[in-house]
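The values are calculated or read from the model by the stated rules, or taken from the named source; none is laboratory data. In this text the structure is predicted, and so the values were computed from the model without any measurement. For neighbour counting, all protein chains shown are included, and Cβ atoms are generated from backbone atoms with ideal geometry for every residue, glycine included. Quick note on the areas: whole protein, heavy atoms, side chains included, nothing else; ligands and nucleic acids left out. Shrake-Rupley method; radii C 1.70, N 1.55, O 1.52, S 1.80 Å.
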Amino acid sequence: MSVRKLAMILARCCLLLVVVLVLGMIFAGWDPHPLLVLPAAVAPVAVFVIQGRRTAAALRRTAARAPVETRAPVSGRWTAHNSPADKVPSHGLHGYGQTYAIDILVAPDPDTRPPFAKLWPLARGNARYPAFGAPVLAVADATVVRVLDGRRDHLTRTSIPALAWMMLIEGSVREAAGPSWIVGNHIVLDLGDGTYAMYAHLKQGSVTVAAGRTVRAGQPIAACGNTGNSTEPHLHFQLMDGPDLDTARGIPFTWRGVGVPANGESFTPQNEPSPAPGLD
């Protein structure tokens, strides 16, 4: 086990202890010993150091690497958010291999997505969002390395109170529980040459592939959902240099015929016809 992996596990244990102590003080009136409160200071520092907002070493490893070209992971009209075309790291952190990650939403014309609410409604059902259930496609011929399909699709976090809940409480609990709780249902594909593709926030029960099987470029492998640390149904996509989210480093990508769409940019991939789904 690598030092980085051990460090992530230690940081996660500290965060879990912090969550338990805070809940105990709020709901059970605990008065914990000062030595137990120490992780409350250690955990945020550890996570900040390990994941880093501006980790120079991570940037040096990838800055000189040419973007890996793949086909787009979707078909139809979509819009990009949190794009590496606008900033790196795109999500503010290098952790979990997400340096060059991108979020994309279905973008029908006209746009039928419900607007973000200040106070009410606190949350909405996923069926109102056109991305929910949209097919997700293999970006290349690949081997399936990892699959998680059992997390439930939760309501949206598209109001100020719900977003605050996710950022301050829910997100901390997911962080303490591990990366699979953050990315929700997900698939990791081995594209070869040390490159792995990760699809996150997939719809519960939608995955059509299994670990160890091969897929062909353009093959439907799952559906867009709202699982894990997600505000609304969307697809989070990234390339990385390993299958373990705790230790992976992000790799830049470019989609054939699309490039890297910028924040707010709508795009329609011009991909070759997708093959029929199935397991090889």
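Express in Å², to the nearest 10, the accessible area of K87 obtained by rolling a 1.4 Å probe over the protein heavy atoms while all chains stay in place.
For K87, the solvent-accessible surface is approximately 100 Å².
Return the sequence-ordered ³J(HN,Hα) values of region 125-140 in whole Hz as given by the Karplus equation 6.51 cos²θ - 1.76 cosθ + 1.60 applied to θ = phi - 60°, using x for Gly and Pro.
Taking θ as phi minus 60°, the curve returns x, 6, 4, 7, 10, x, 6, 5, x, 5, x, 10, 10, 5, 7, 6 Hz for region 125-140.
Once you place label points 7 Å from the Cα toward the Cβ at R152 and A85, how far apart are they in nm?
3.7
For T112, T156, T254, give the ranking by accessible area with the largest first, probe 1.4 Å.
So, going from the largest accessible area down, we get T112, T254, T156.
With θ set to phi - 60°, apply the Karplus curve 6.51 cos²θ - 1.76 cosθ + 1.60 along region 177-190 and write out the HN-Hα couplings as whole Hz, x wherever there is a Gly or Pro.
Coupling constants for region 177-190: 7, x, x, 5, 7, 7, 7, x, 4, 8, 10, 10, 10, 8 Hz.
So how exposed is T99, as accessible area in Å² (1.4 Å probe, rounded to 10)?
10
Amide H of R157: which non-local residues (sequence gap of 5 or more, or other chain) have their own amide H closer than 5 Å, using H built in the peptide plane?
Amide H to amide H, under 5 Å and 5 or more residues apart or across chains, R157 pairs with E232.
Just to confirm my numbers, what's the Cα centroid distance between region 90-124 and region 132-164 in Å?
Cα centroid of region 90-124 versus Cα centroid of region 132-164: 12 Å apart.
Hey, can you grab everything whose amide H is under 5 Å from the amide H of G178? Only 5+ residues off in sequence or another chain; H modelled, so Pro and N-termini drop out.
Those qualifying (amide H under 5 Å, at least 5 residues apart or on another chain) number zero.
Show the residues, 5+ positions off or on another chain, whose built amide H is closer than 5 Å to the amide H of E265.
Result for E265 returns A80.
Contour minus end-to-end for N263 and S180, with contour as 0.36 nm per residue of separation and end-to-end as the Cα-Cα distance?
27.3 nm
Quick check on region 100-153: what does the Kirkwood estimate of hydrodynamic radius come out to from the alpha carbon pairs, in Å?
About 14.6 Å, per the Kirkwood formula over Cα pairs.
Using every alpha carbon pair in region 157-234, what percent of pairs falls into each 5 Å bin from 0 up to the bin containing the largest distance?
Per 5 Å bin, starting at zero, the Cα-Cα P(r) for region 157-234 comes out as 3, 14, 21, 21, 17, 11, 7, 4, 1 percent.
Report the Rg/Rh value for region 60-209, based on alpha-carbon coordinates and the Kirkwood definition of Rh.
0.95
Using a simple spin-label model with points 7 Å from Cα along the Cα→Cβ vector, what separation in nm is obtained for C13 and R256?
4.7
Add +1 for every Lys or Arg and -1 for every Asp or Glu among the other residues with Cβ under 12 Å from the Cβ of S83, and state the total.
-2
Quote the relative contact order of region 149-280 in percent (integer), defining contacts as alpha-carbon pairs under 8 Å separated by 6+ residues.
That works out to 27 percent.
Run the 1.4 Å probe and let me know the accessible area of D109, rounded to the nearest 10 Å².
D109 has an accessible surface of roughly 130 Å² with all protein chains in place.
Rank these residues by their accessible area, most exposed first, probe 1.4 Å: W165, W181, W78.
Most to least solvent-accessible, the answer reads W165, W181, W78.
Pairs of Cα atoms under 8 Å, at least six residues apart: use those to get the relative contact order of region 66-113, whole percent.
Here the relative contact order equals 37 percent.
Once you have the Kirkwood Rh of region 123-201 from its Cα pairs, apply Stokes-Einstein at 37 °C and 0.692 mPa s and quote D in µm²/s.
Estimated via Stokes-Einstein, D reaches 227 µm²/s.
From the phi angles alone, apply the Karplus equation (6.51, -1.76, 1.60; θ = phi - 60°) to region 151-158 and give each ³J(HN,Hα) in whole Hz, x where the residue is Gly or Pro.
Values, residue by residue: 6, 7, 7, 8, 5, 5, 10, 10 Hz.
Report the per residue volume, in Å³, of the convex hull enclosing the C-alpha atoms of region 143-274.
Convex hull of Cα atoms, per residue: 125 Å³.
Which order do S172, S206 take when ranked by solvent-accessible area (1.4 Å probe, heavy atoms of all protein chains), largest first?
Ranked from most to least accessible, the order is S172, S206.
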